[in-house]
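Read the structure below first, then the notes.
The values are calculated or read from the model by the stated rules, or taken from the named source; none is laboratory data. Being a predicted model, the structure only gives us computed values, none of them experimental. Virtual Cβ from ideal backbone geometry, glycine too; neighbours counted across all protein chains shown.
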């Protein structure tokens, strides 16, 4: 077998492969002999059909099959011989494809980039330090109470935070518009659910009142036909209900799975959950900085085929998440290319860190992570057992642990500074950068 390789770009290779005619004929004859043992031809017993008849009937198909298999086999033999690492499937173009002649074809493909991860000491990391203070715990208890607010009908004028049951009908220039009317709609004043001015105009209204209000649709309203226009709504108030926060009692605690220990037991459980959230938030922010630092310190070119594959995965995920009748391939690739490239580049860099530093998933950390996740459930032992019986889930956990070990490896060499902050600041999500 003859092989020659040409570099047509940093990552693209054009490989010409020649396969001797003798190897081709051997493969063709092997297939014809296999066919002869089972072929059914009128006038002959199975296995007794003359080879001349078999060749006449089946040689063309046997040759095509042999050539296809030979191209696949010799391609992988050639890349191993040339020490190439293909990324994605090759585009194959036959040059010589005639009976009685050597097979020659050209395979064009991309290879994985070869690089060494460097610049770890240039990566700057700000690692947050925070604790769950009693005030943070008190604030969380109030949030939980508000999330479980009940509304009770009152015989008074509506105030901010009250819930109104209303009927409304809207018009613009005397014409009704789609979505402009409803019956028995529940609206909490101050929630911002309706367009600006709508909720404010209902403060002070009582059950049975009918109010005509004239709010203005925002200039950036999603429905361009309504944007910037003044509407007229006739609103009938059916009832006014005041918010009632639940008491911190055993009935309330039971909603969160806390059946013993009273208030102190509930506070302890909430604090434990807050501390878990805090650890995850700090870990996530450190990881994001590490990954950003690895990207900045290691600019590499990646195969277009890998980016294309990742774009397709993101398309499928988008369709699964948002539903609808759209097909993944109908979504513009441009929507996902930047995210796809980041994922591919990071995947290659992280894999190289694992290789360079000979990292393997730490079994103790794997079990610790499973126990941490299981602690959020009422019967953690069953959750732990379920993970250890599920190979796919275990592999996912090992992958996460290995990524954490990559982060730890970078932190050992990076420029790390610790910063003390409040609990609220530590768990606050990082704002996404504004598009240019």
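Listed residues 53, 49; which is assigned by TED's automatic domain parsing to the domain that holds residue 91 and in a helix (DSSP H, G or I)? Checking each option against the conditions leaves just 53. Counting only residues that are surrounded by fewer than 14 Cβ atoms within 10 Å (Cβ to Cβ) and over 24 Å from the mean Cα position of the chain (by Cα), the range 389-435 holds 10 of them.
Which one of these is surrounded by fewer than 16 Cβ atoms within 10 Å (Cβ to Cβ) and either closer than 23 Å to residue 8 by Cα or at pLDDT below 90 (or both): 77, 59?
Working: 59 fails: surrounded by fewer than 16 Cβ atoms within 10 Å (Cβ to Cβ).
Among 77, 59, only 77 is surrounded by fewer than 16 Cβ atoms within 10 Å (Cβ to Cβ) and either closer than 23 Å to residue 8 by Cα or at pLDDT below 90 (or both).
Filter the range 256-301 down to residues that are outside any helix (DSSP H, G or I) and within 25 Å of the chain's Cα centre (by Cα), then give me how many there are.
Here is the first cut: in the range 256-301, the ones outside any helix (DSSP H, G or I) are 256-261, 298-301.
With within 25 Å of the chain's Cα centre (by Cα) added as a condition, the list becomes 298-301.
Selection size over the range 256-301: 4.
Taking the criterion of being surrounded by fewer than 12 Cβ atoms within 10 Å (Cβ to Cβ) and modelled with pLDDT under 90, the residues of the range 306-345 that qualify are 320, 321, 322, 323, 324, 325, 327, 329, 330. Within the option set 154, 132, 111, being surrounded by 12 or more Cβ atoms within 10 Å (Cβ to Cβ), farther than 30 Å from residue 19 by Cα and under 36 Å from the mean Cα position of the chain (by Cα) holds for one residue only, 132.
Residue pairs, Cβ under 7 Å, 6 or more apart or interchain, first in the range 97-123 and more than 22 Å from residue 348 (Cα to Cα), second part of a loop (DSSP other than H, G, I, E, B). List them. Close Cβ pairs (under 7 Å, with a partner that is part of a loop (DSSP other than H, G, I, E, B)) amount to 102/20; 103/97. Restricting 19, 80, 53, 28 to those that are without any contact (Cβ under 8 Å) to a residue 40 or more places away in the chain and touching a helix residue (DSSP H, G or I) at 6+ places or on another chain (Cβ under 6 Å) reduces the list to 28.
Restricting attention to the range 251-271, the residues that are surrounded by fewer than 15 Cβ atoms within 10 Å (Cβ to Cβ) and either under 20 Å from residue 421 (Cβ atoms) or free of Cβ contacts under 8 Å to residues at least 40 places away in the same chain (or both) add up to 10. Entry remark, the range 114-129: residues being surrounded by 12 or more Cβ atoms within 10 Å (Cβ to Cβ) and assigned to a loop (DSSP other than H, G, I, E, B) number 4 in total. Based on what the data block shows, is residue 164 more than 9 Å from residue 241 (Cα to Cα) and either buried (at least 17 other Cβ atoms within 10 Å of the Cβ) or out of contact with any helix residue (DSSP H, G or I) (no Cβ under 8 Å at 6 or more places or on another chain) (or both)? Answer is no for this residue.
I'd like the full set of residues that are in a strand (DSSP E or B) and under 20 Å from residue 171 (Cβ atoms), limited to the range 202-239.
The first filter runs over the range 202-239 and keeps only residues in a strand (DSSP E or B), leaving 210-213, 216, 230, 232-239.
Across the range 202-239, the qualifying residues are 210, 211, 212, 213, 216, 230, 232, 233, 234, 235, 236, 237.
Within the range 151-170, none of the residues are farther than 18 Å from residue 238 by Cα and either assigned to a helix (DSSP H, G or I) or in contact with a strand residue (DSSP E or B) (Cβ under 9 Å, 6 or more places away or on another chain) (or both). Across the range 292-305, the qualifying residues are those that are surrounded by 14 or more Cβ atoms within 10 Å (Cβ to Cβ) and without any contact (Cβ under 8 Å) to a residue 60 or more places away in the chain, and the one among them that is farthest from residue 141 (Cα to Cα) is 295. Confirm whether residue 146 is at positive phi and either out of contact with any helix residue (DSSP H, G or I) (no Cβ under 9 Å at 6 or more places or on another chain) or not in a strand (DSSP E or B) (or both). Criteria not met by residue 146. Scanning the range 35-50 for residues that are free of Cβ contacts under 8 Å to residues at least 12 places away in the same chain and surrounded by 12 or more Cβ atoms within 10 Å (Cβ to Cβ) yields a count of 1. From the list 79, 92, the lone residue that is assigned to a strand (DSSP E or B) and farther than 13 Å from residue 24 by Cα is 92.
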